[in-house]
1. Being among the small types (Gly, Ala, Ser), surrounded by 20 or more Cβ atoms within 10 Å (Cβ to Cβ) and in contact with an Asp or Glu (Cβ under 9 Å, 6 or more places away or on another chain) is the filter here, so list the residues in segment A:510-535 that pass it.
2. Any residue in segment A:329-341 that is crowded, with 21+ Cβ neighbours inside 10 Å and assigned to a loop (DSSP other than H, G, I, E, B)?
3. I need the full set of residues from segment A:89-142 which are among the small types (Gly, Ala, Ser) and either closer than 20 Å to A:Gly66 by Cβ or surrounded by 18 or more Cβ atoms within 10 Å (Cβ to Cβ) (or both), in order please.
4. With the checklist (1) away from chain B (no Cβ under 13 Å); (2) outside any helix (DSSP H, G or I); (3) of a type in the set (Lys, Arg) in hand, flag the one item A:Arg96 doesn't pass.
5. Output yes when any residue across segment A:100-108 is more than 12 Å from every other protein chain (Cβ to nearest Cβ) and in a loop (DSSP other than H, G, I, E, B), and no when none is.
6. Taking the residues in segment A:69-88 that are more than 9 Å from chain B (Cβ to nearest Cβ) and under 19 Å from A:Ser37 (Cβ atoms) as candidates, determine which candidate is surrounded by the fewest Cβ atoms within 10 Å (Cβ to Cβ).
7. For segment A:756-783, give me each residue that is at pLDDT 85 or above and of a type in the set (S, T, N, Q).
8. What strands (runs of 3 or more DSSP E) completely inside segment B:40-108 contain at least 1 residues that are within 12 Å of chain A (Cβ to nearest Cβ) and among the acidic types (Asp, Glu)?
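The values are calculated or read from the model by the stated rules, or taken from the named source; none is laboratory data. Nothing here was measured: the structure is a model prediction, and the numbers come from that model. Don't worry about glycine lacking a Cβ; one is built from the backbone with ideal geometry, like all the others, and counts go over all protein chains shown.
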Amino acid sequence: MPAPIRLRELIRTIRTARTQAEEREMIQKECAAIRSSFREEDNTYRCRNVAKLLYMHMLGYPAHFGQLECLKLIASQKFTDKRIGYLGAMLLLDERQDVHLLMTNCIKNDLNHSTQYVQGLALCTLGCMGSSEMCRDLAGEVEKLLKTSNSYLRKKAALCAVHVIRKVPELMEMFLPATKNLLNEKNHGVLHTSVVLLTEMCERSPDMLAHFRKVRQLSSSQLVPQLVRILKNLIMSGYSPEHDVSGISDPFLQVRILRLLRILGRNDDDSSEAMNDILAQVATNTETSKNVGNAILYETVLTIMDIKSESGLRVLAINILGRFLLNNDKNIRYVALTSLLKTVQTDHNAVQRHRSTIVDCLKDLDVSIKRRAMELSFALVNGNNVRGMMKELLYFLDSCEPEFKADCASGIFLAAEKYAPSKRWHIDTIMRVLTTAGSYVRDDAVPNLIQLITNSVEMHAYTVQRLYKAILGDYSQQPLVQVASWCIGEYGDLLVSGQCEEEEPIQVTEDEVLDILESVLISNMSASVTRGYALTAIMKLSTRFTCTVNRIKKVVSIYGSSIDVELQQRAVEYNALFKKYDHMRPALLERMPVMEKVTTNGPTEIVQTNGETETAVLETKPPPPGLQPANQANDLLDLLGGSDITPVIPTAPTSKPASAGGELLDLLGDLNLTGSPVSAPAFQIAQPPFLLDGLTSQPLFNDTTAGIPSITAYNKNGLKIDFTFERSNTNPSVTVITIQASNSTELDMTDFVFQAAVPKTFQLQLLSPSSSVIPAFNSGTITQVIKVLNPQKQQLRMRIKLTYNHKGSAMQDLAEVNNFPPQSWQ
Amino acid sequence: IHFILLFSRQGKLRLQKWYTTLPDKEKKKIIREIIQIVLSRHQRTSSFVDWKDLKLIYKRYASLYFCCAVEDQDNELLMLEVVHRYVELLDRYFGNVCELDIIFNFEKAYFILDEFIIGGEVQETSKKSAVKAIEDSDMLQETVEEYMNKPAF
């Protein structure tokens, strides 16, 4: 059989292939030849064949059948074989292959070989890809070599030890004795690798770190002074051609020493003090014209910032970073920004001085630089510079890549919220963000913005006008449209009446407003959520607009048959509002009050709106927590979640403007309590004003079963009414009573109406009943919720009036309920 | 250093050295991804790219890209010097090295790298020593006659 072709021949041949297919063909042919050669156990050319195989492997072709051959080469006596064998092992074998363990014995032998280059090969291979088992087996050999006087081997052994420690950390102790004399070497290679070894040990084990910081036993010097001395020699010594890089002596070693010093000095005053001088010296004396010098300066700055250095040194470090920022070299600017980002928290003022340079970096072409500049800019915004910074950041938002826009928008919102100099500025900034990056704004920003707008009461007219103008032309940016729809729904009346003070009011008719909302509804670009917002906004306008109510009715009824389930449900309910509960409509669609300021996470804590009814009316944002600021004159009741109330009527978060004293919600109006002759002087009918508020939900209340016993309030003529109690967690004056009316007679009771009255010091709120028919034979009940506000914690008493039709005649009864358990009102 | 890659402007791999253990498929995927990232970088951008939890440092010398992946705490500027030093070593050994040298003598490129870096860390900071070690090792490589005459095991 002819000799297999030489490696270079093969390479040349393969490179002549003009197509991928041609190359594949050549390779397959050669692979076949190599395979048969392996099968024949051809010792002579094994080396050549494996080399060719490695080349093909690099091109991307499978070469696993050569693994065993590599092992055979390693075992060979010939140096050439070993060299290729070890290379093959490093390329083809790794710890996941079973065969790799077979190498262990060969390596062991080679570690003790008479030729240092063979030993070197073995150390190198072990240090690059040795598995944990191999490391365990061979650690002893490595340790031995660590103590040899042969610097060629010593440096390799040191790095091998690093690898062993990385793979099997428990073996670290073993290498400790050998490290004692490592730094006494003159050879830079050994010095460098020793520093790496020491660094690895200190990073991994706090015990080691403590050990190295203290005085060492045999040698008379401590580690830190020793390192400082070596570093000093490097800087001060004359030109050494062997290690010189652009006039600087062995920068690699300098940087590694600085890094080790950093670890030693961290959180340790003594060590930090010992290195102050040398750090200052390096920082001031290093040449900065080439990259090399800057690399050393960079490491020095990192070290200064990380140890307990004196403030003068820190200022020096930050100034170096500032100089870096002005450097034309992008790489240098990049590292400067990265480091400044790390230090901005601790040395805020010093970094502030370089603010303008950082802001300039926003305009850089490089993506990584821009990102870091953006993050830094946000970290530097404060009350003084917010206007200027925002201007720059808004400009940046305009022009930056899409991947930044979301983060930038969120950052701007946060900063604006913290440092806004005025409400108008705040709203303007938000508007600007919404219009320039509207589609990138995060979903959770919408509820935050809505809350913000609600709270800026005096800006309502201005806000709604601007938002209206913004979506007139373009309603494709969903978050913008959502916020705008909500605002128009709330403040549409201000818009049409042209009340804006801050800028020129525009002339808008009700129809125009409805036009835009309807276009949002119809548009293909609108998400389902956005449509929900728009529909609800239209509905709200039915109470705020005067001439277009019919149009609104029409729109609402059309969507009653929409395919979108959410929209359909809302439309159906709104329709019901128009038809059966029209008297409730104004109250339900009242303006939202000022919401209590919550943290940005606030609204989501309370969500758990139960029942689709809530969400339908409330739109998709989580309801705000329902407490008015304490300076309101009237106490408020928290609305219960709607589980006791059937979905027929949505219990809307009807609300009052914070300052109004007048408008009253009179849900009880139709229950006709006022002026009823049955009210004895001692009792006060539940009179308005009581104010309903934003919705909270069930979790705010105690578990009903948590201990307040329920009572039977009335039991006559087959009609039994039970009361069960709940107390509010947030408002201890509120008691929620759920009444259950059941009928044990053989005929249903229809048109059942329950009314209640309480003493003057109480306030009462009656929510809608589940139905007005109590079926016979206890086969069903009517439930209704009563909320009682008892701020003076007086004993609860109640007078109830019941009217219903039974067996063809109208029945009516009065009763007093006195058996309230103490836990229900105390 | 986690790995070092050398590739041409057309995206052909010339050298790959891995200092971490990964399955073959994974390696191939990473190589493809990184080659694409680096080749698409604009000319006047920095030499550093954030990639997963590593940093990529790359530099182009003539028609070859040299790319290393390092950990967060490594000094990027120094890495540029490391890459440069490797190129200098190659240059010293081959004498005015060009891409073809590396293609036809890839195993030598590996040997030189292994004299400079072990386990992802620099082992020798002296140019002279590193190259001398290679040349001495080369001397040890048997001539053809010697090779034929020595026993295999």
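1. Selection gives A:Gly532, A:Ala534.
2. No, every residue in segment A:329-341 fails to be crowded, with 21+ Cβ neighbours inside 10 Å and assigned to a loop (DSSP other than H, G, I, E, B).
3. A:Ala89, A:Gly120, A:Ala122, A:Gly127, A:Gly130, A:Ser131, A:Ala139
4. Looking at each condition in turn, A:Arg96 falls short on (1).
5. no
6. Filtering first and then ranking leaves A:Leu71.
7. none
8. The strands (runs of 3 or more DSSP E) meeting that bar are B:48-51.
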